[in-house]
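Worksheet: one structure, shown below.
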Amino acid sequence: MECTVRLALKEDCKDILRMIRELAEYEKASEHIKITEEMLMEDGFTDNPSYRCLVAELPPGQTSKEGFSIVGHALFVFSYSSWKGRIVYLEDIYVMPEFRGHGIGKKFMKMVAKIGVESKCSAIQLAVLKWNDTAIDFYLRHGATDLTSGNGYQVFRFDEEATRQLALEEEK
């Protein structure tokens with residue numbers, strides 16, 4: 001399977017949103033999607049973008065069964081570890097089901113790693129659902145360490161309402 005992995009362009013946002021929705025559906029979390037195509041454009045294509053994204057694109061004239069030429073994405077941000085310095089946080093890596101098993105995920109990982117090395121990052125970090133054995137096996141096969149079982153870390157998130165409440169909370 002021949003495809004090109006490249007940095008996303010602003011005009012790819014419609015396809016990126018489509019695949020974010022497909023990933024959320026796969027993860028049984030569609031109701032949590034609040035992002036819009038406009039937000040993706042505003043947040044990712046400015047002088048100081050909030051995220052960066054790669055896309056997998058089929059050669060001209062080739063499409064998916066549904067007619068799409070963009071068949072995968074990897075969305076990531078730069079973060080900072082007080083222990084390690086700069087890191088890349090890989091938020092999403094998604095390949096449409098009919099294109100899995102053809103090396104696209106590995107191409108994404110290699111390019112994210114290359115960008116991380118060029119940006120002087122010390123690690124790639126990500127989260128994966130406990131039941132997603134295929135993804136867990138993929139990451140472990142490519143050298144990832146499971147911090148949950150290995151180092152005992154647990155991941156937490158303050159959702160939008162909890163963040164708002166925390167910000168408004170009066171000091172005592």
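The values are calculated or read from the model by the stated rules, or taken from the named source; none is laboratory data. Bear in mind the structure is a predicted one, so any value in this text is a computation, not a measurement. Note that we place each Cβ from the backbone using ideal geometry, even for glycine, and neighbour counts take in every protein chain shown. Accessible surface areas use protein heavy atoms only, side chains included; no ligands, DNA or RNA. Shrake-Rupley method; radii C 1.70, N 1.55, O 1.52, S 1.80 Å.
Which part of region 120-158 falls in the paramagnetic zone of Ser79, meaning amide N under 13 Å from the point 7 Å along Cα-to-beta-carbon? From region 120-158, the list is 122-128, 147-148, 153-158. Computed from Cα atoms alone, the Kirkwood hydrodynamic radius reported for region 132-172 is 13.2 Å.
Distance between the pseudo-spin-label points of Gln165 and Asn132 (7 Å out from Cα toward the beta carbon): 2.7 nm.
In this structure region 126-172 gives 97 Å² per residue of accessible area when probed at 1.4 Å with all protein chains present. From the Kirkwood radius over Cα pairs of region 39-89, Stokes-Einstein at 10 °C and 1.306 mPa s returns a whole-number translational diffusion coefficient of 120 µm²/s. Total lysine pairs in the chain at Cα distances under 23 Å, for residues eight or more apart or on different chains: 20. Only Cα pairs under 8 Å and 6+ residues apart enter the sum, and on that basis the relative contact order of region 9-131 stands at 19 percent. Accessible surface of Asp133, taken over heavy atoms with a 1.4 Å probe and every protein chain present, rounds to 100 Å². The fraction of accessible area contributed by carbon and sulfur in region 47-172 is 51 percent, rounded to a whole number (1.4 Å probe; ligands and nucleic acids excluded). Using the Cβ-Cβ distance between Arg141 and Lys65 with R0 set to 35 Å, the FRET efficiency from 1/(1 + (r/R0)^6) comes to roughly 0.80.
Positive-end ranking of Leu75, Ala29, Thr148 along the dipole of the chain, with charges on Cβ about the Cα centre, is headed by Thr148.
Solvent exposure of region 7-72 amounts to 61 Å² per residue of accessible area, where only protein heavy atoms count and the probe is 1.4 Å. Beyond 27 Å, the tail of the calculated P(r) for region 26-171 holds 32 percent of the Cα pairs. Full extension of the chain between Ile35 and Arg100 gives 20.9 nm of extra length, using 0.36 nm per residue less the Cα-Cα distance.
The charge dipole of the chain, taken about the Cα centre with unit charges on the Cβ atoms of Lys, Arg (+1) and Asp, Glu (-1), comes to about 840 debye, rounded to the nearest 20.
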